[in-house]
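One structure is given below, encoded as structure tokens.
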Amino acid sequence: MGTSSTDSNPLLKPSTLRHGAFPFDQLKNEHYEPALEVAIAEARANLDQIRSSTSAPTFENTILALETASETVGRVSSIFYNLLHADTNDTLQALAQKIAPKLASFSSDVLLDPKIFGRVKSVWDQRETLGLTKSTHAEELRLTEKTYKDFVRNGALLDDTKKEKLRAIDQELSKLAPQFSDNVLKATNAFELWIADKKDLAGIPETAIEAAAIAAKEKGKDGQWLFTLQIPIYLPFMTYAENRTLREKMYRAYSSRAYKGEFSNEDLTKKISLLRHQRAELLGQNSHAQFVLQERMAESPEKAMAFLERLLEKARPAGERDLAQVRELKAKETGDADFQAWDYAFWSERLKMKLHDLDDEVLRPYFKLENVIEGVFEHARRLYGLEFKEVHDIPKYHQDVRVFDVTDSKKGTFIGLFYTDFFPRPSKQGGAWANSIREQGLQGGKIERPHATIVCNFPKSTPTTPSLLSIDDVRTLFHEFGHALHSLLSDTKFVSLGGTNVYWDFVELPSQIMENWAIEEEGLNLFARHYQTGEKMPKDLIQKIQSSAKFQAGWFTMRQITFAMLDLAWHAADPSKITDIGEFEKKATARTVLLPTPKESNMSASFSHIFAGGYSAGYYSYKWAEVLDADAFELFKEKGLFNEEVAMRFRENILSRGGTKHPMELYKQFRGREPDPDALLRRDGLI
């Protein structure tokens, strides 16, 4: 096996680095497959011991043994999927087509094993006799319940014929998700807009122009400018480029990614949704949404839909007013009433300037990336007593990555490792996300601390300017940092119940609540300093940020409702009759889309959140969790933004408890009551 032998394979050896950090510098593409083979063989041996045990089933010899049986499989797959999304290559993408089915097959082998399930069911049925009570063994009881439900929800009660059908569906689905995201990445990278005439750059910010010049030079065309569909390039272009024809070209390319042509996801969207539906039917459910939502705070598609309908009722009139204002400004200033989708960002920015005297580009110099990072760290220090110290002895998977030691300043204890990866590159997916390289909880016989990571796509520094963020980028950084805190501050016994292993419509509470601090004066004063003069952001600019916080809130709420309703349309009914995904999408979004899009535009084909991520039948979660975060933040506003008592209550009841209790129980422990559903509408100025 050469470099892939067990002895030299970093995925299989215990780390000798500080805090058990992963040795990315030793990792090669050829390590993954052999490591997975060894890991699965090791896990199967552990499972054989559980299966063949002659002792009566107990929590320790069954539930706990299962929890720890495939730790190496977890490590290998965690490292693989982190890199597949953050720093991929052709080899990794080809490997995904092999690794995903192997993992799916292994998972099916466990969850469909009648002997193992028999032992799990025995512990669940005898939980009280075995002493698993809420008062003395709450986490053990919760893990037992979760394990039992995982088996049932994955086919343990089916007959053999249905089990084989389920296994085949899971195999196929495991291959399709990586294909979907691969197509989106390739379609994004395939488009290039070359500009040779300087006058076509009118309105575009200097930082974006410089980045485009560097990109062109790298491709051997010095003196030209290259614009791509990467978000840090695309957004400034759509917001500021005065050349409407070029904006249209960019918009049409972006909104039709992976819809038709070489990297089309048209068939994959139909295949994935149909397989999910068939899977749900096998498990006795009417739809994939019904299956998914049984393990969510929303509980059912009807409840999730009713929640969105209530929002829609308030947001649609506001969204229509928002759009009318933007249309009116364009007509007034150009004498042309024609208004298209590629006009919205440009004229909306102009309207914001007019109403609030606020140009996002004026804010950028105050948001130097390094200062914003220090700012989120200072928030974590004031709220939760955390210290972040950059370290250089921990290997990284890419030169752009930075690594930090996180400690509890009061206790002096180690909290975790924190990795950041902020700049776009062709090997990285678009968007922003948080992940874990190692989760918190019992591993290798002891409770380990987590290694958390956040990945974003922010503008890279140029020879003349450092990386300067937009206000939206700042919010994104605070958002993903909130997810990282959820991982870092986890304090549970078991990995399966730790950190972000919570109901999907609760997972966005820790991230979204952090965004609130990003526009508060007290928060901004900690980090918003001009990168050239070092001066703090003037009070009047902060007031403009706050007064514009509700700007176009109706429009943006409608946008989120559109995504959420489109997701439920795909997953709350039988999709077998869908032949044309363009027509299907038009019907599904008819009540929520305020501005018609070109015929070749399609959201579904690049909707990675639901077709390649974990948000299928769950995109409504963003708005659901916004209700929680708006309600929770009202308490901070009332008691003080950095009130120690409120922050500690949030840490102890939300951030550290993971999925050890039902989320509503945890929320009530923090807030003293259920969330007020009107909190979000109040914050957005919709009531």
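The values are calculated or read from the model by the stated rules, or taken from the named source; none is laboratory data. Keep in mind it's a predicted model, so treat the numbers as computed, not measured. Every residue, glycine as well, gets a Cβ built from its backbone with ideal geometry; the counts of neighbours run over all protein chains shown.
Collect the residues in segment 16-60 that are acidic (Asp, Glu) and either in contact with a helix residue (DSSP H, G or I) (Cβ under 6 Å, 6 or more places away or on another chain) or touching a residue at least 60 places away in the same chain (Cβ under 8 Å) (or both), keeping them in residue-number order.
Taking segment 16-60 and keeping what is acidic (Asp, Glu), we get 25, 30, 33, 37, 42, 48, 60.
ASP25, GLU30, GLU33, GLU42 - these are the residues of segment 16-60 that are acidic (Asp, Glu) and either in contact with a helix residue (DSSP H, G or I) (Cβ under 6 Å, 6 or more places away or on another chain) or touching a residue at least 60 places away in the same chain (Cβ under 8 Å) (or both).
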**Residues (in contact (Cβ under 8 Å) with a residue 40 or more places away in the chain and either surrounded by 14 or more Cβ atoms within 10 Å (Cβ to Cβ) or among the aliphatic types (A, V, I, L, M) (or both)) located in segment 406-422** = VAL406, ILE415, GLY416, LEU417, PHE418, THR420, ASP421, PHE422
**Condition check for GLU665: acidic (Asp, Glu), over 24 Å from ALA518 (Cβ atoms) and outside any loop (DSSP other than H, G, I, E, B)** = yes
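Does ILE513 qualify as being surrounded by fewer than 23 Cβ atoms within 10 Å (Cβ to Cβ) and in contact with a helix residue (DSSP H, G or I) (Cβ under 9 Å, 6 or more places away or on another chain)?
Details: surrounded by fewer than 23 Cβ atoms within 10 Å (Cβ to Cβ): no; in contact with a helix residue (DSSP H, G or I) (Cβ under 9 Å, 6 or more places away or on another chain): yes.
In short, no.
One line per residue, one yes/no per condition, for (1) in the same structural domain as HIS662 (by TED's automatic domain parsing); (2) closer than 30 Å to LEU235 by Cα; (3) buried (at least 19 other Cβ atoms within 10 Å of the Cβ); (4) among the small types (Gly, Ala, Ser):
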{"position": "ALA280", "(1), (2), (3), (4)": "no, no, yes, yes"}
{"position": "HIS288", "(1), (2), (3), (4)": "no, no, yes, no"}
{"position": "MET297", "(1), (2), (3), (4)": "no, no, yes, no"}
{"position": "ALA304", "(1), (2), (3), (4)": "no, no, yes, yes"}
{"position": "ALA315", "(1), (2), (3), (4)": "no, yes, yes, yes"}
{"position": "TRP342", "(1), (2), (3), (4)": "no, yes, yes, no"}
**Complete:** Being within 23 Å of the chain's Cα centre (by Cα), within 30 Å of ILE204 (Cα to Cα) and in a strand (DSSP E or B) narrows THR453, THR420 down to just THR420
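Take the residues of segment 580-608 that are without any contact (Cβ under 8 Å) to a residue 40 or more places away in the chain and either within 23 Å of ILE231 (Cβ to Cβ) or of a type in the set (Val, Ile, Thr) (or both): which is surrounded by the most Cβ atoms within 10 Å (Cβ to Cβ)? Steps first, please.
Of the residues in segment 580-608, the ones without any contact (Cβ under 8 Å) to a residue 40 or more places away in the chain are 580, 583-590, 593, 599.
The next check asks that each one be either within 23 Å of ILE231 (Cβ to Cβ) or of a type in the set (Val, Ile, Thr) (or both); those that pass are 585, 589, 593.
Numbers: GLU585: 25, THR589: 18, VAL593: 18.
Here the answer is GLU585.
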**Fill in**
Screening GLY614, GLY659 for residues that are assigned by TED's automatic domain parsing to the domain that holds PHE339, more than 21 Å from TYR254 (Cβ to Cβ), assigned to a loop (DSSP other than H, G, I, E, B) and within 19 Å of the chain's Cα centre (by Cα) leaves only GLY614
**Complete:** Within segment 415-436, residues being of a type outside the set (D, E, K, R), more than 17 Å from GLY613 (Cα to Cα) and touching a strand residue (DSSP E or B) at 6+ places or on another chain (Cβ under 9 Å) number 7
**Request:** Please name all residue pairs, on different chains or six or more residues apart, with Cβ atoms under 6 Å, provided the first residue is in segment 530-555 and is under 20 Å from THR465 (Cβ atoms) and the second residue is assigned to a helix (DSSP H, G or I) and not hydrophobic (A, V, I, L, M, F, W, C).
**Result:** HIS530/PRO365; HIS530/TYR366; TYR531/PRO365; MET537/TYR366
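Do any helices (runs of 4 or more DSSP H) lying entirely in segment 292-372 carry at least 1 residues that are under 17 Å from LEU595 (Cβ atoms), and which ones are they?
Values: elements: 301-334, 344-356, 360-363.
Counting at least 1 such residues, we get 301-334, 344-356.
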**Message:** Here are the criteria: (1) at pLDDT 95 or above; (2) farther than 23 Å from ILE610 by Cβ; (3) surrounded by fewer than 22 Cβ atoms within 10 Å (Cβ to Cβ). Tell me which single one THR228 does not satisfy.
**Reply:** (3)
**Message:** Show me the helices (runs of 4 or more DSSP H) found entirely inside segment 473-579 where at least 2 residues are of a type in the set (Phe, Trp, Tyr) and under 22 Å from ALA625 (Cβ atoms).
**Reply:** 553-571
